[in-house]
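Here the structure is laid out as structure tokens; the discussion comes afterwards.
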Amino acid sequence: MDLVMPGGVDGVEATRKIKNISPRTQVVVLTSYHEDEHIFPAIRAGALSYILKDIGASELAKWSAKQLRERLCLISAWQLVLSKKSEEVRA
């Protein structure tokens, strides 16, 4: 899910709508934003995780395979900090 989309519905609202309609659907945010004020609203709306758009194809393929195995994985140096914050948000 991109955070900025045309058509008047942003990625946070789209994520919220998807999770309301289909709670078991897993949404992963694909974004160029790494700031808390962009990421945490999406996590609060129900996104499982996020990936920065500058990810390479091979890293994305590895992430996807790991996601299938572990169902939750965060990529980039920021995730160590952000995962603790998102746990607080979900609690």
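The values are calculated or read from the model by the stated rules, or taken from the named source; none is laboratory data. Just so we're clear, the structure is a prediction, and the values are computed from it rather than from any experiment. Heads up, the Cβs are rebuilt from the backbone with ideal geometry, glycines too, and the neighbour counts pull from every protein chain shown.
Can SER32 be described as touching a strand residue (DSSP E or B) at 6+ places or on another chain (Cβ under 8 Å) and small (Gly, Ala, Ser)?
Values: touching a strand residue (DSSP E or B) at 6+ places or on another chain (Cβ under 8 Å): yes; small (Gly, Ala, Ser): yes.
Yes; evaluated as a whole, the condition is true for this residue.
When the helices (runs of 4 or more DSSP H) confined to the chain are screened for residues that are modelled with pLDDT of 85 or more, those reaching at least 2 such residues are found at 11-21, 36-45, 57-70. Considering the range 1-19, and only residues there that are out of contact with any Leu (no Cβ under 9 Å at 6 or more places or on another chain) and among the charged types (D, E, K, R), the residue that is surrounded by the most Cβ atoms within 10 Å (Cβ to Cβ) turns out to be ARG16.
Condition test on SER22, is it among the hydroxyl-bearing types (Ser, Thr, Tyr) and loosely packed, with under 11 Cβ neighbours inside 10 Å? Reasoning before the result, please.
Working: among the hydroxyl-bearing types (Ser, Thr, Tyr): yes; loosely packed, with under 11 Cβ neighbours inside 10 Å: yes.
Yes, satisfied.
Among the residues of the range 20-55, count how many are among the basic types (Lys, Arg) and under 13 Å from the mean Cα position of the chain (by Cα). The total comes to 2.
Of all residues in the range 2-42, those that are within 20 Å of LYS66 (Cα to Cα) and either in contact with a Phe, Trp or Tyr (Cβ under 8 Å, 6 or more places away or on another chain) or not aliphatic (A, V, I, L, M) (or both) total 7.
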